[in-house]
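Handing you this structure, nothing more for now.
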Amino acid sequence: MGFAEEVRAQLGDGVLSVDASDLETYGRDWTKVFAPRAAYLARPRSTAEVSSLLKLCSAHGVKVVPSGGRTGLAGGAMATQGELVLSLERMRTLGPIDTAALTVRVGAGAVTEAVHRHCAEAGLFWPVDFASKGSSQVGGNIATNAGGVRVIRYGLTRQWVLGLTVVLMNGEVLELNGALEKNNTGVDLRQVFIGSEGILGVITEATLKLTRLPGTVDVLLVAVPGLEGVLELFAQARKGPFVLNAFEFFTDKCLARLKRHRAVPSPLGAEASHYVLLEVEDAKDGALLAWLEARMAAGEVLDGTLAQNAEQAKALWHYREGISESLSATGLPHKNDIALPIAELGAFCEAFEALLAKNYREFELCLFGHIGDGNLHVNVMKPDAQGKSEFLAAVHEVDRELMQLVQKHRGSVSAEHGIGLLKKEWLPFSRSPAELALMRAMKASFDPQGLLNPGKVL
């Protein structure tokens with residue numbers, strides 16, 4: 001009996017598809033560099049079905065690509081070798097909220113925003129949040145250790161995962177840590193799978209750690225004089241009379257693309273090269289406005305606006321969260337997602353902008369990111385007159401010099417989206433030979449046939 005026949009015999013007719021449109025849709029993520037080439041799509045409904053499916057794949061030598069919301073930008077969910085795409089989208093269980101332990105058990109296919117709504121009913125919050133929350137899934141968030149807009153306050157995804165159910169390539173099911181806050185019993189295998197990009201095992205369920213919903217939240221958008229102004233304002237915000245939830249910046253070039261795509265007005269009266277969006281919590285009456293006025297008096301802020309209600313706050317967030325979509329809608333961006341130590345940001349950006357000005361004057365650079373945690377989204381836009389292949393060849397050279405700068409400033413070649421297919425060449429700029437050897441040894445131990453998410457990361 002062939003592979004497809006065995007799958008249908010064991011799991012029924014509704015799990016496996018070879019429909020061309022399914023393979024095209026599920027075989028790709030948001031990365032536009034690679035063409036999808038999937039052989040099968042499987043959509044299991046339970047951990048037991050995932051286990052049975054992976055056993056069959058191992059027996060038949062079928063390669064597997066785990067798939068969530070497919071919102072990644074490094075090719076981590078791309079099927080390019082005739083693999084089976086294992087979609088977790090049917091596993092969207094949202095368990096009851098434990099209001100004493102502040103936990104919830106969810107399926108890996110649960111959409112991030114649905115988890116937020118579910119928890120909000122109990123006055124609680126899973127603080128993993130980003131622009132793609134309406135599409136991204138919990139399993140993918142965990143597999144990539146996703147960051148987002150509130151890392152400065154809450155940290156990365158791994159801080160908010162207590163327990164995991166993971167299925168290995170041979171079908172073995174691991175229950176890791178349950179709902180324990182404290183468990184000092186050797187190597188924490190749960191953390192091994194968080195951020196592993198699906199090369200070691202398939203996450204099917206998770207126990208998430210929750211916190212209370214934010215208190216009184218204020219959102220303000222300000223214009224500042226250059227990147228130095230962004231960094232100076234961040235230093236002042238760290239000392240401000242409030243709790244800093246988010247500190248996001250973007251450049252005038254990003255704003256111009258956003259206005260062009262979504263026809264939004266200029267957010268402020270004054271124009272500037274750099275803008276900062278701040279979300280703060282628990283500011284005392286009048287303290288935030290006084291702080292902002294002091295920053296303007298010192299020349300650190302050129303202009304600013306403070307949201308007066310939730311609708312205005314949402315509108316201000318729109319200026320930051322709409323950037324990535326707008327860049328893709330108005331041109332072809334070549335994206336890099338890097339991280340630097342906060343203390344190195346100024347020197348790094350100055351060196352990179354000088355590099356572009358000297359050697360790559362034809363490129364438009366659109367910078368934005370979560371400056372409070374050192375994460376920069378570097379977007380180099382294709383000139384309209386330049387062909388795609390010529391552009392991609394040119395930016396590859398830019399990337400090499402960029403990664404050398406990242407290495408020089410002790411940064412990471414991937415802050416949020418992982419390594420996937422796209423960043424493999426640059427991984428040695430952030431990881432030592434000894435680290436890479438250990439990672440390969442772990443891969444060989446968990447997946448000796450090399451069938452799980454093949455070609456990714458290593």
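None of the figures in this text is laboratory data; all of them are computed from the coordinates on show. The shown structure was predicted, so the numbers you read here are calculated from the model rather than taken from an experiment. Virtual Cβ from ideal backbone geometry, glycine too; neighbours counted across all protein chains shown.
Check which residues have an amide H placed less than 5 Å from residue 334's amide H, if you skip close sequence neighbours.
380, 381, 382
Explain nothing, just the number: dipole magnitude of the chain about its Cα centre with +1 on each Lys and Arg Cβ and -1 on each Asp and Glu Cβ, in debye rounded to the nearest 20. Don't skip to the end; give the middle numbers.
Values: 46 positive and 52 negative charges, 125 e Å.
Taking the Cα centre of the chain as origin, the dipole is about 600 debye.
If neighbour count is taken as other Cβ atoms inside 10 Å, put 1, 91 in order from fewest to most.
Fewest-to-most Cβ neighbours within 10 Å comes out as 1, 91.
Can you list the lysines whose alpha carbon is less than 26 Å from that of residue 388, not counting same-chain residues fewer than 8 positions off?
Partners found: 32, 253, 259, 335, 358, 423, 424, 456.
Between residue 458 and residue 6, what is the FRET efficiency for a Förster distance of 45 Å, r being their Cβ-Cβ separation, to the nearest 0.05? Write out the running numbers ahead of the final one.
On the way: r = 30 Å, r/R0 = 0.66.
In this case the efficiency is close to 0.90.
Does the stretch 103-212 classify as rounded, prolate or oblate by the C-alpha gyration tensor (a ≥ b ≥ c root eigenvalues; a/c under 1.5 gives rounded; else a/b over b/c gives prolate, otherwise oblate)? Intermediate results must be reported in sequence, preceding the final value.
Numbers: a/c = 1.65, a/b = 1.42, b/c = 1.17.
Prolate, since a/c reaches 1.5 and a/b exceeds b/c.
Only Lys, Arg, Asp and Glu count, each charged at its Cβ (+1, +1, -1, -1), so figure out the dipole size of the stretch 3-87 about its Cα centre, rounded to 20 debye. Numbers along the way, then the final one.
Working: 9 positive and 9 negative charges, 54 e Å.
In total the dipole reaches around 260 debye.
Shifting gears a bit: Could you let me know the centre-to-centre spacing of the stretch 333-412 and the stretch 34-106, using Cα atoms, in angstrom?
Using only Cα atoms to place each centre, the spacing works out to 32 Å.
Still on this model: Using r as the Cβ-Cβ distance of residue 284 and residue 238, and R0 as 30 Å, what FRET efficiency do you calculate, to the nearest 0.05? Could you put the intermediate results ahead of the total?
Values: r = 17 Å, r/R0 = 0.57.
About 0.95, to the nearest 0.05.
From the phi angles alone, apply the Karplus equation (6.51, -1.76, 1.60; θ = phi - 60°) to the stretch 286-302 and give each ³J(HN,Hα) in whole Hz, x where the residue is Gly or Pro.
For the stretch 286-302, the Karplus curve yields x, 5, 5, 5, 5, 4, 5, 4, 5, 5, 5, 5, 7, x, 7, 10, 8 Hz.
When the helices in the chain are scored as -39500 (n - 2.57) per DSSP H run of 4 or longer and the sum is shared across all residues, what 222 nm value do you end up with, to the nearest 500 deg cm²/dmol? Each step should come with its number before you reach the end.
Details: 15 runs with 159 residues, N = 458.
Per the formula, -10500 deg cm²/dmol.
Below 14 angstrom from the Cβ of residue 85, what's the summed charge of the other residues (Lys, Arg +1; Asp, Glu -1)? Let's see the in-between values first.
Numbers: positive: 28, 37, 43, 63, 70, 90, 456; negative: 19, 22, 24, 29, 83, 89.
Around residue 85, the charge tally is +1.
5 Å is the cut-off here: which amide hydrogens, built 1.01 Å from N in the peptide plane, fall below it relative to residue 163, excluding neighbours closer than 5 in sequence?
207
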